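The values are calculated or read from the model by the stated rules, or taken from the named source; none is laboratory data. What you are looking at is a predicted structure, and each value in this text was computed from that prediction instead of being measured. A quick note on method: Cβ atoms are made from the backbone with ideal geometry, for glycine too, and the neighbour counts reach across all protein chains shown.
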Amino acid sequence: MGGLRSSGPGSGVDGSPGISDTTYDGAIVDDMATEARWLNDEEQALWRLILAGMRKIDRVIDETLLAGSDLSSSEFSVLVSLSEADGQCLRLRDLCAGLNWDRSRTSHQITRMERRGLVTKRKSEGDARGVVVSLTDEGMRRLQSAAPDHVESVRRVVFDHLEPEQYAHLKAFMEGVIAVDNVPGHPDFVGELNAPDRTDAQ
């Protein structure tokens, strides 16, 4: 099986691969120079640092929650959402939207949490197809138990390395990332990865 290869110095999957030396199944792919917006060395290093940071944050949060309260990060996210809702309950579709999860993932997660006594679910009044998810006393107890260590981990891995004047810049960056919709899996994906994103035109 052939593949993308480059003999150019400093080449990589993310960065500029030395297009003149790059082949795919033996064919020169010079047109990739205009089709792909390769990362330069500085951008590639930053991208890999972002990935490493994301993995570190995820790992620290997951391990803290499991060690202190036997909760997964997904369970914790659901419990937080329910605890902040009116009456500590949400329609399943609203929970999906708030967590940015699809219905299948959310439904399976709620089923597992219901078995653990963390939440309950019931049919929505006046809507036979609607489902309402509610926080149980046990779910609230576990959330309150987990919160102090969780917050301490968030501070150690994120906020202890930021100055208050950096918050606005990081907030703007993350809001820009979240606003991107021209990507596979998003309902607004137009089918061309290198097409301008709608957020760029606003």
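Worth a mention:
- Filtering segment 49-108 to residues that are among the polar types (S, T, N, Q), more than 20 Å from Ala147 (Cβ to Cβ) and touching a helix residue (DSSP H, G or I) at 6+ places or on another chain (Cβ under 9 Å) leaves Asn100, Thr106, Ser107.
- Check on Thr106, within 16 Å of the chain's Cα centre (by Cα) and touching a residue at least 12 places away in the same chain (Cβ under 8 Å): yes
- Search result, residues across segment 54-71 that are in a loop (DSSP other than H, G, I, E, B) and among the hydrophobic types (A, V, I, L, M, F, W, C): Leu71
- Any chance Ser153 is in contact with a Gly (Cβ under 8 Å, 6 or more places away or on another chain) and at pLDDT 95 or above: no
- Asp70 of a type in the set (D, E, K, R) and surrounded by 14 or more Cβ atoms within 10 Å (Cβ to Cβ): no
- Exactly one residue among Asp197, Asp181 is under 24 Å from the mean Cα position of the chain (by Cα), closer than 23 Å to Trp47 by Cα, modelled with pLDDT under 95 and surrounded by 15 or more Cβ atoms within 10 Å (Cβ to Cβ), and that residue is Asp197.
- Residue that is without any contact (Cβ under 8 Å) to a residue 60 or more places away in the chain, closer than 30 Å to Ala36 by Cβ, of a type in the set (A, V, I, L, M) and not in a helix (DSSP H, G or I), where the choices are Val183, Val177: Val183
- Residues of segment 39-67 satisfying the condition of being surrounded by fewer than 15 Cβ atoms within 10 Å (Cβ to Cβ) and among the polar types (S, T, N, Q): Asn40
- Members of segment 128-168 that are part of a helix (DSSP H, G or I), within 20 Å of Leu79 (Cβ to Cβ) and aliphatic (A, V, I, L, M): Met140, Leu143, Ala146, Ala147, Val151, Val154
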